[in-house]
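This report concerns only the one structure given below.
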Amino acid sequence: GEGKDIGFRAAMQNLADAVAIGAQPISLVIGLGLPRDTKKDWVLDFAQGVKEACAPLGVGVDGGDFVAADKIIVSVTVLGDVHQPILRSGARPGDLVIHSGKLGCARAGYELLQAGYRRSTAEKEFSALITDFLRPTPPLQTALAAVKEGNLHALMDVSDGLIMDGRRLARASGVSINLHNDAFGAAFRRIAKAAGRLGARRAEWIFTGGEDHGFLATISPEAPLPAGFIPIGEVGSADPHGRVYLDGKEFITAGGWDHFHQ
């Protein structure tokens, strides 16, 4: 149900934020603002969704608060343990740019919902994409394993679009980034049918979609590639503007979701 999906999504996107700086999540604190007519079953479903997201990491909810509100409001705080933060400012010229997780799937699922498709009645491939939007599954364990190997120079989650978040990483590190279009073949194939059905551009979903909550990182080309990551480009020379290129051509549009400018 809706409550279960919202609980899962709220927990998962915040767990990804914690992992994105190299932290091992330990527990959650959740604040809920609820209208007085909220059904008990919705709250129980919400709790079940949170549990399903947290269980693989052995994480639980250790506190929070309920308040009355005009509409449902969810606030999640993740408590974690981090020995050495991995920041988005650590990318170095010559690094490989690597990624783990899905790209474009959540955006495809969102567009399918907007077009009137429903998870319960859509064909299998479309139902899976709708689930990718409603219940994202970032590769938390994959990212944590890569962190423990100790070779990552920079790390962040991709929640607002690959280009926009890549630009944030590049700007924080004072470098440029060049991505390779041929690295995204699997991602293009995964969303091809939905894009074709809706008359959409697959590239827009891949590069600007966001909401899949995968992980973007950089690593020395001499270091072993962490399991579950694929190389998608390289870090270029010093660049205070943090420009992002695709096969050598600058990606000049906004390239994703900016919470403060849209």
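Data table
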| read-out | value |
| --- | --- |
| The stretch 144-218, Rg to Rh (Cα coordinates; Rh as Kirkwood inverse mean 1/r) | 1.02 |
| Two-site FRET efficiency, Gln48 against Gln84, from Cβ-Cβ distance with R₀ of 22 Å, rounded to 0.05 | 0.05 |
| Rounded to the nearest 10 Å², the accessible area of Ile98 at probe 1.4 Å | 0 Å² |
| Accessible area per residue, Å², the stretch 1-141 with all protein chains present, probe 1.4 Å | 51 Å² |
| Ser120, Ser89, ranked by accessible area, largest first (probe 1.4 Å) | Ser120, Ser89 |
| Estimated FRET transfer efficiency (Glu125, Ala238; beta-carbon r; R0 51 Å; 0.05) | 0.75 |
| Long-range tail of P(r) for the chain (Cα pairs > 26 Å, %) | 43 percent |
| The chain - charge dipole about Cα centre, Lys and Arg +1 at Cβ, Asp and Glu -1, debye rounded to 20 | 540 debye |
| Order by protection proxy (mean Cβ within 10 Å, highest first), peptides 191-198, 40-47 | 191-198, 40-47 |
| Model label zone, Ala203; criterion: amide N under 20 Å from point 7 Å along Cα-to-beta-carbon; scope the stretch 175-191 | 177-191 |
| Percent accessible area from carbon and sulfur atoms, the stretch 90-180, protein chains only, probe 1.4 Å | 49 percent |
| Alpha carbon Rg of the stretch 1-91, scaled by the compact-globule rule 2.2 N^0.38 Å | 1.18 |
| The stretch 1-140: Lys pairs at Cα distance under 21 angstrom, eight or more positions apart or on different chains | 10 |
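The values are calculated or read from the model by the stated rules, or taken from the named source; none is laboratory data. Computed from a predicted model, the values in this text were never measured in an experiment. In this analysis, Cβ positions are derived from the backbone assuming ideal geometry, glycine residues included, and neighbour counts consider all displayed protein chains. All accessible areas refer to the heavy atoms of the entire protein, side chains included, with ligands and DNA or RNA removed. Shrake-Rupley method; radii C 1.70, N 1.55, O 1.52, S 1.80 Å.
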